[in-house]
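The block underneath contains the structure these notes are about, expressed in structure tokens.
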Amino acid sequence: MTRSLRLAARQALHEQRSFWRSAEYALFTFAFPLMILLLIGAANVGSYLPGTHVKNTTVFVPSILAFGVIVAAYVNLGSKVAVLRHDGVLKRIKTTPLPSGAYLGGLLASTVATTILIAALTGLIGWLAFGADPRPGGLPALTGGLILGIVCFATLGLAISSVITSAESAGPVAYASFLPIAIISGVFDPTFSGLPQWLSRMVAAFPVKALAQLMQGAYTARPFPAWDLVNLALWTAAGATFVAWRFRWHT
Amino acid sequence: MRVIDAVSPTVADGFAVHVRDLRMSYGSTEVLRGVDFDVRYGEVFCLLGPNGAGKTTTLEILEGFRSPSGGTVRVLGLDPATQAARLRERVGMVLQECGFPRQARVAELIDIWRSYYPNPRPLGELLDVVELAEVRNAQVRKLSGGQRRRLDFALALAGDPDLVFLDEPTTGFDPEARRRCWAAIENLRRLGSTILLTTHYLDEAERLADRIAILRAGRIELAGTTQEVAARAGLATRISFTTPSALRQGQVAVPDGIDLAVRGPVSVCHTDNAAMTLRRLLDWALENRLGDLDGLAVSAPSLEDTYLQLTGPDPETM
């Protein structure tokens, strides 16, 4: 057990080194959410949610926090595993005595590190640029939301990796499978509204809005997010079931 | 699925690889139809055969990636189907078409691979064996095809394996890359590793292997040393010489009792009694004033002749 942990830690360090070596990968992962944060955030400065004293940015910054978590845990991990499988690296790993759990554990630990860093940067820039900070006592909600978000979207990332059929389409498929949902979930627009009822019901069923609302709960007072928690738990279970059923070490 | 019968450990343990009556079916297609062979410790054993003969399937069963439909398999005394984890620590594998992580560098990748094994071989030694020391800090994606294959070897050797599987190690390589690959395999063997390699190249088998088994359509057609395989195929000795112009122009008839084929500039015959045929040929040349027969050559049946006879669809193309 300790050996597996040591191997997983070593693998995680190796993955982090590789991640930062690939400039485009690291840049895209970090720059995309942070750029959106700054650009759209700037457009919302001085505005308030209709009929309230809540600043737009107070809702927008945690939404982008959720967005960053999804990019790092879902898009990055999912496309990375798809590429590793397509390139035959996963198969090669199976020729060694390295336990599968230690290898996947290393990949996940590296993903967690990247996700936490991106969340921290988003929070910091949101606070420095727009004065948005968690409400008093909001830290447990923030931490809990982060953990749940990482677990849920990393699981879904592993799941989507099994659906991707080529290395070239890995990034596009991962992005295309969640960006439209992120847009109609109002992640990029705090005042987004006016969806037909059937569509807003559908949006509520996906985990993107659920995670965004969990994060918003750490910045502004909201009712207890029972449905959002159930939503993420259900998606995690569904993702894990799919992974157990479809995950392959080679194409 | 057939019951895999127990083997007496003394028999199976005497060999690095022990295969008896190995069978494999995908649906109704029989890929392996009772394969038998043994690989001794310390030797280079070559499974030779055309594409689709079942080489890779056999290897994947030995590696524990597939469970056979029937038969007995022991690798280093272990059953790969049930003891794959223990086997992985002692076996190195070079599979067809396995990639590398895209951002990795040569020495760094070998190093992380070493960490997967309980008793890894030193990094410097690995780089030397596969002749990659001078590109140790290069990015893997910038390596040539031959260098990548040698990096495959280095990763397979990282755990200091007792047995190495090489699945078609030089397919698609240019002559220089093949030569360096072969050098790496010869280095490997000098380190005392037992090697089981598959190939559809004859020169590769002839150059590297101590013993050869020819696999064709799911069965071992012939097995033994290179010479044994050639001899056991029952092929005749080949005698050839430059066709004299008189023979070519029809001024001289072909000798009686000799099955001589005039193929343009070269004349060839096959015989089971080389001495007698040669005497008759020279007598015939003397009678017809053809001199000493330019380019006269007598060659024992080669592995290539054997192989082509076994696997070629048309004997006339020999």
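The values are calculated or read from the model by the stated rules, or taken from the named source; none is laboratory data. Given the structure is predicted, the values throughout are model-derived calculations rather than measurements. All Cβ positions, glycine included, derive from the backbone under ideal geometry; neighbour counts span all protein chains shown.
Pull up the range B:75-97, narrow it to residues that are out of contact with any Phe, Trp or Tyr (no Cβ under 8 Å at 6 or more places or on another chain) and part of a strand (DSSP E or B), then point me to the one that is nearest to residue B:56 (Cα to Cα). The residue in question is B:75.
Only residues that are free of Cβ contacts under 8 Å to residues at least 40 places away in the same chain and either at the interface with chain A (Cβ under 9 Å from one of its Cβ atoms) or of a type in the set (S, T, N, Q) (or both) were counted across the range B:114-129, and they come to 1. Considering A:7, A:34, A:38, the condition of being within 14 Å of chain B (Cβ to nearest Cβ) and in a helix (DSSP H, G or I) is satisfied by A:7 alone. Suppose the filter is more than 14 Å from every other protein chain (Cβ to nearest Cβ), among the hydrophobic types (A, V, I, L, M, F, W, C) and part of a helix (DSSP H, G or I); does residue A:164 pass it? For residue A:164, the condition - more than 14 Å from every other protein chain (Cβ to nearest Cβ), among the hydrophobic types (A, V, I, L, M, F, W, C) and part of a helix (DSSP H, G or I) - is not met.
Residues in the range B:87-110 that are within 27 Å of the chain's Cα centre (by Cα) and not aliphatic (A, V, I, L, M): B:88, B:89, B:90, B:92, B:96, B:97, B:98, B:99, B:100.
Working carefully through the options B:169, B:118, B:161, find the one that is in the same structural domain as residue B:54 (by TED's automatic domain parsing) and surrounded by fewer than 18 Cβ atoms within 10 Å (Cβ to Cβ).
B:118
Checking A:155, A:191 one by one, the residue that is touching a Ser or Thr at 6+ places or on another chain (Cβ under 9 Å) and assigned to a loop (DSSP other than H, G, I, E, B) is A:191 and no other. Just one of the listed residues (B:184, B:138, B:107, B:177) is touching a Phe, Trp or Tyr at 6+ places or on another chain (Cβ under 9 Å), assigned by TED's automatic domain parsing to the domain that holds residue B:45 and of a type in the set (Gly, Ala, Ser), and it is B:184. Of the residues making up the range B:98-113, those that are outside any loop (DSSP other than H, G, I, E, B) and either touching a residue at least 60 places away in the same chain (Cβ under 8 Å) or facing chain A (nearest Cβ under 10 Å) (or both) are B:105, B:108, B:109, B:111, B:112, B:113. Of all the listed residues (A:88, A:123), the sole one being on the phi > 0 side of the Ramachandran plot and touching a residue at least 12 places away in the same chain (Cβ under 8 Å) is A:88. Hey, does the range A:15-23 have a residue that's small (Gly, Ala, Ser) and either in contact with a helix residue (DSSP H, G or I) (Cβ under 6 Å, 6 or more places away or on another chain) or part of a helix (DSSP H, G or I) (or both)? Yes: the range A:15-23 contains one or more residues that are small (Gly, Ala, Ser) and either in contact with a helix residue (DSSP H, G or I) (Cβ under 6 Å, 6 or more places away or on another chain) or part of a helix (DSSP H, G or I) (or both).
Condition check: touching a residue at least 60 places away in the same chain (Cβ under 8 Å) and more than 14 Å from chain B (Cβ to nearest Cβ). Does residue A:93 satisfy that? So residue A:93 fails the test. Can you confirm whether residue A:98 is touching a residue at least 24 places away in the same chain (Cβ under 8 Å) and in a helix (DSSP H, G or I)? No; evaluated as a whole, the condition is false for this residue.
Which of the residues spanning the range A:202-251 are among the charged types (D, E, K, R) and free of Cβ contacts under 8 Å to residues at least 40 places away in the same chain? Residues satisfying the conditions are A:209, A:222, A:228. Looking at the range B:218-318, the helices (runs of 4 or more DSSP H) lying wholly inside it that each contain 2 or more residues that are over 30 Å from residue B:68 (Cα atoms) and at pLDDT 80 or above sit at B:245-248, B:274-287.
Scanning the range B:44-96 for residues that are aromatic (Phe, Trp, Tyr) and either farther than 19 Å from residue B:199 by Cβ or within 12 Å of another protein chain (Cβ to nearest Cβ) (or both) yields a total of 1. When you look at residue B:179, is it within 13 Å of another protein chain (Cβ to nearest Cβ) and basic (Lys, Arg), yes or no? Judged against the criteria, residue B:179 is not a match.
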